[in-house]
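S.K.: Please read through the structure below; I'll follow up with questions.
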2 protein chains.
Amino acid sequence: MQIKIPATSANLGPGFDCLGLAIALYNSVCIKPSSYYSISIKGEGEQNAKLKKNNIFVSIFYEIYQELTGQKDPFRFEFDNKIPFSRGLGSSSAVIVGAIASAYEMAGVKASRECILNKALVYETHPDNIAPAVYGGFTTSIVEMGKVKTLKKELSSDIKVVMVIPDRSMSTAQSRTQLPKSYIMTNVVYNLSRASLLSAAFFSENWDFLRVASKDCMHEHKRMRQLKELFDVREIALNNGALMSTLSGSGSSFFNLVRANEAAKVTNALKNTFEMFRVEEFEFDNSGFQILKS
Amino acid sequence: MQIKIPATSANLGPGFDCLGLAIALYNSVCIKPSSYYSISIKGEGEQNAKLKKNNIFVSIFYEIYQELTGQKDPFRFEFDNKIPFSRGLGSSSAVIVGAIASAYEMAGVKASRECILNKALVYETHPDNIAPAVYGGFTTSIVEMGKVKTLKKELSSDIKVVMVIPDRSMSTAQSRTQLPKSYIMTNVVYNLSRASLLSAAFFSENWDFLRVASKDCMHEHKRMRQLKELFDVREIALNNGALMSTLSGSGSSFFNLVRANEAAKVTNALKNTFEMFRVEEFEFDNSGFQILKS
């Protein structure tokens, strides 16, 4: 069987730990019954020997597979990784969701997407990347009594992503420890009201509201100071017609949402200024993980 | 001319200072050119002599009217107030919005609803009641650079309100001072994620999500302790099929959203237990303030 799992961009400005969306940039994994265990990696991580020895996808896959079948059958795993590591593009969530969904598939056990998502929450405690990796589209999620509840809205082909992917990573854990422990009421209302309006804007496709609704006062500024060029990325993107421009997850990538017919203008402006960063256009993904052949 | 302005319910659980909706319960005011200034009050407040001497509607009306015309013409104001005072039903916002909109109308100056809303923000610093009083429906709002930005979703006739209106008020100002000055990250994410999901649920009409999405950890518990019966109001409403049950604004009323065909069951259960409180069914309002005749 083959599974492909989309990249995701979380937070989207004010939607800390709850808002996310899926991007048509995929990791794919081919899993075949085999007489002995083996692994190959193409693309991101192919030169990292550690990833072959201590592979998180494989560990989670076997944890679930054994839970379902009571067995540890040997498989061959062929990875084709397109999602950059540690760049705020949901590569960990893609690994977790992909491992769980393929373990169910290989075990021959039917599971709803909701079930896969709740399993994934065991490995990643906040749902903002795993939810769009499972469902695709724009997602708004909560965790209630240890379960994820998500509402999804499909993303129109009128809009696209221009992603800026820096040459350096920013650690999520390190980045999280730098955030304040508490927030004053004014700042809470600032983010809370914008996250609500941002959800409403995505659900009603009111693209002109994205710019004001995507402002944040809780985490972006502190995180972006680790890589000061990101302030210029935002300015150039917005000045060239981007509808919104936010840190992707905890960085280091920057997510720029654009009207499809204005993508080239934003892409060119960013490429011209940031020659050291990858600047790439993507469509959105509305499917979530897909199992291509059984 | 005659203007009617709907009651509103704000916060809706997690949506502190930003979410609100309009209810088909109206204050109406009839304003006529007259040779001398006079005022009459029917309904709520009719026995309160102070309201005739020092009437906020009249003060705001003349402030705006003079600003627009440079004159202070005498009018007769006939109030028919159905929105209870100080019960979390947006009576102040109805007064502010009604006064501003009717001053523009009487001055013969055309103004968009957006203009009326921004004028109203001068008198009430948060937009959660004034936005639905202006637009009707469910509204999610932010304040950006001193201006309100609101997205509205019309409310379906499949749903209704069962409002519980206690015999006592809870002061908004007093109630607000009892809230914490700051919130830890976990609690911020709790409300922020639920306010976003609640907006998504209203915009996508996913009524089954309202119950989990309408939970709050920032203000309701503290406020409800002023009137402990409200905890039982919620329990009885939810046990009898209410889709959500939240403090209306800062109280004292409790807002219960129900499927229209289950309204009677919820109403009866609440009436039977709380004989001292008003329990009333209302439709939603999708128009906002309406000028009935010029």
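The values are calculated or read from the model by the stated rules, or taken from the named source; none is laboratory data. Small disclaimer: the values here were computed from a predicted structure and weren't measured. Backbone-built Cβ (ideal geometry, glycine too); neighbour counts: all protein chains shown. Surface accessibility is based on the protein's heavy atoms, side chains included, excluding ligands, DNA and RNA. Shrake-Rupley method; radii C 1.70, N 1.55, O 1.52, S 1.80 Å.
S.K.: May I ask for the angle, rounded to the nearest 10°, between helix A:113-123 and the longest principal axis of chain A, with both axes built from Cα atoms and the value confined to 0 to 90°?
M.R.: 90 degrees
S.K.: One decimal, nm, shortest first: give the distances between the label point of A:S112 and those of the same position in the other copies, each label point 7 Å from Cα along Cα→Cβ.
M.R.: Distances to the matching label points in the other copies: 4.3 nm.
S.K.: Placing a label point 7 Å from Cα toward Cβ, how far apart in nm is A:D73 from its equivalents in the other copies, listed shortest first to one decimal?
M.R.: Taking the point 7 Å beyond Cα along Cα→Cβ, the inter-copy spacings are 8.6 nm.
S.K.: Follow-up. With the crude spin-label approximation of a point 7 Å out along Cα→Cβ, what separation in nm comes out for B:Y36 versus A:R76?
M.R.: That separation, rounded to one decimal, is 10.2 nm.
S.K.: Helix B:185-204 versus the longest principal axis of chain B: what is the Cα-based angle in degrees, 0 to 90, to the nearest 10?
M.R.: Roughly 70 degrees, rounded to the nearest 10.
S.K.: Follow-up. Can you compute 3J(HN,Hα) from phi for each residue in segment A:278-284, using the Karplus curve 6.51 cos²θ - 1.76 cosθ + 1.60 with θ = phi - 60°, rounded to whole Hz and x for Gly and Pro?
M.R.: So the Karplus estimates, Gly and Pro as x, are 6, 10, 9, 8, 9, 7, 8 Hz.
S.K.: Moving to a separate point now. Can you list the residues, at least 5 places off or on another chain, whose amide H is less than 5 Å from the amide H of B:R76, using H built in the peptide plane?
M.R.: B:K32, B:S34, B:S38
S.K.: Let me ask something else about it. Can you spot the lysines whose alpha carbon is less than 30 Å from A:K32's alpha carbon? Ignore those fewer than 8 places along the same chain.
M.R.: A:K4, A:K42, A:K50, A:K52, A:K53, A:K72, A:K82, A:K110, A:K119, A:K293
S.K.: Taking the Cα centre of each part, how many Å lie between segment A:148-162 and segment B:123-141?
M.R.: Segment A:148-162 and segment B:123-141 have Cα centres separated by 27 Å.
S.K.: Hey, another quick one. Given a 1.4 angstrom probe, I'd like the percentage of the accessible area of segment A:1-157 that is carbon and sulfur, rounded to a whole number.
M.R.: Details: 2990 of 6160 Å².
Exposed carbon and sulfur together represent 49 percent of the surface.
S.K.: Ignoring ligands, DNA and RNA and using a 1.4 Å probe, state the total buried accessible area between A and B in Å², rounded to the nearest 100. Spell out each step's value before the answer.
M.R.: Working: alone 13350 and 13350 Å², together 23530 Å².
So the buried area, both faces added, is about 3200 Å².
S.K.: Follow-up question, since we're still on this one. Evaluated at 25 °C with a viscosity of 0.890 mPa s, what Stokes-Einstein diffusion coefficient in µm²/s does chain B have when Rh comes from the Kirkwood expression over alpha-carbon pairs?
M.R.: 126 µm²/s
S.K.: Using label points projected 7 Å from each Cα along Cα→Cβ, tell me how many nm separate B:E144 and A:R259, to one decimal.
M.R.: Taking the two extended label points, one gets 1.6 nm.
S.K.: Then there is this: Output needed for segment B:161-294: three equivalent-ellipsoid semi-axes, defined as square roots of 5 times the C-alpha gyration tensor eigenvalues, in descending order, whole Å.
M.R.: Largest first, segment B:161-294 gives 23, 20, 18 Å.
S.K.: Here's something else I'd like to know. In segment B:1-48, which residues become less accessible by 30 Å² or more once every protein chain is in place, relative to the chain on its own, using a 1.4 Å probe?
M.R.: Those residues are B:F16, B:C18.
S.K.: Enter the angle in degrees (range 0 to 90, nearest 10) between the Cα long axis of helix B:56-69 and the first principal axis of the Cα atoms of chain B, meaning the one along which they spread out most.
M.R.: Once rounded, the angle reads 50 degrees.
S.K.: A further question follows. Mind grabbing the accessible area of A:W207 for me, 1.4 Å probe, Å², rounded to tens?
M.R.: Result for A:W207: roughly 30 Å² accessible.
S.K.: How well do other chains shield peptide A:110-119, expressed as the mean number of their Cβ atoms within 10 Å of each residue Cβ? Present the calculation step by step, with values, prior to reporting the outcome.
M.R.: Numbers: counts 0, 0, 0, 0, 0, 0, 0, 0, 0, 0.
Per residue, the number of nearby Cβ atoms from other chains is 0 on average.
S.K.: For n ≥ 4 DSSP H runs only, could you compute -39500 (n - 2.57) per run for chain B, divide by its residues and tell me the 222 nm figure to the nearest 500?
M.R.: -11000 deg cm²/dmol
S.K.: Under the definition of partner shielding as Cβ atoms of other protein chains within 10 Å of a residue Cβ, what is the mean value for peptide A:142-155? Provide the component values of the computation, followed by the final result.
M.R.: Working: counts 14, 4, 8, 1, 0, 1, 0, 9, 3, 11, 2, 3, 0, 0.
So the per-residue partner count for this stretch is 4.
S.K.: Taking amide H positions as placed in the peptide plane 1.01 Å from N, state which residues far from B:L12 in sequence (5 or more) or on other chains have amide H under 5 Å from it.
M.R.: For B:L12, the qualifying residues are B:G249.
S.K.: Across peptide A:199-212, how many C-beta atoms of other chains are within 10 Å of each residue C-beta, on average?
M.R.: Other-chain Cβ atoms within 10 Å of each residue's Cβ, averaged: 5.
S.K.: Please give me the summed charge of the neighbours of B:S250: other residues whose Cβ is under 15 Å from its Cβ, Lys and Arg +1, Asp and Glu -1.
M.R.: Here the count lands on +1.
S.K.: Along the principal axes of its C-alpha atoms, what lengths does the protein assembly as shown span, in descending order and rounded to whole Å?
M.R.: 97, 58, 38
S.K.: Compute the distance in nm between two label points, each set 7 Å from the Cα along the Cα-to-Cβ direction, one at B:E154 and one at B:E283.
M.R.: Output for this residue pair reads 1.2 nm.
S.K.: Just the accessible area per residue of segment A:159-282, please: how many Å² with a 1.4 Å probe?
M.R.: For segment A:159-282, the solvent-accessible area averages 39 Å² per residue.
S.K.: What is the packing order of peptides B:220-226, B:159-165, taking the mean over residues of other C-beta atoms within 10 Å and listing the highest first? Don't jump to the answer; show the numbers that get you there.
M.R.: On the way: B:220-226: 16.6, B:159-165: 23.9.
Taking the mean over residues of other Cβ atoms within 10 Å, the ranking is B:159-165, B:220-226.
S.K.: Let me ask another. Given the C-alpha centroids of segment B:72-98 and segment A:26-72, what is the distance between them in whole angstrom?
M.R.: 67 Å
S.K.: Between B:E281 and the same site in the other copies, what are the distances in nm, shortest first, taking label points 7 Å from Cα along the C-beta direction?
M.R.: 5.5
S.K.: Mind giving me the FRET efficiency for A:V122 and A:N206? R0 is 41 Å, r the Cβ-Cβ distance, nearest 0.05 is fine.
M.R.: 0.70
S.K.: Related question: Which of rounded, prolate, oblate describes segment B:32-169, given a ≥ b ≥ c as roots of the alpha-carbon gyration tensor eigenvalues and a/c under 1.5 marking rounded, otherwise prolate only if a/b is larger than b/c?
M.R.: Judged from the Cα gyration tensor, segment B:32-169 comes out oblate (a/c at least 1.5, b/c at or above a/b).
S.K.: Please label the shape of segment A:34-84 as rounded, prolate or oblate, based on the square roots a ≥ b ≥ c of the eigenvalues of the alpha-carbon gyration tensor (a/c under 1.5 means rounded; beyond that, a/b larger than b/c means prolate, else oblate). Before the final figure, lay out the partial values.
M.R.: Details: a/c = 2.43, a/b = 1.89, b/c = 1.29.
Because a/c hits 1.5 or more and a/b exceeds b/c, segment A:34-84 counts as prolate.
S.K.: Cross-chain or 8 or more residues apart, Cα under 28 Å: how many lysine pairs in segment B:159-282 fit that? Count them up, please.
M.R.: For segment B:159-282, qualifying lysine pairs total 14.
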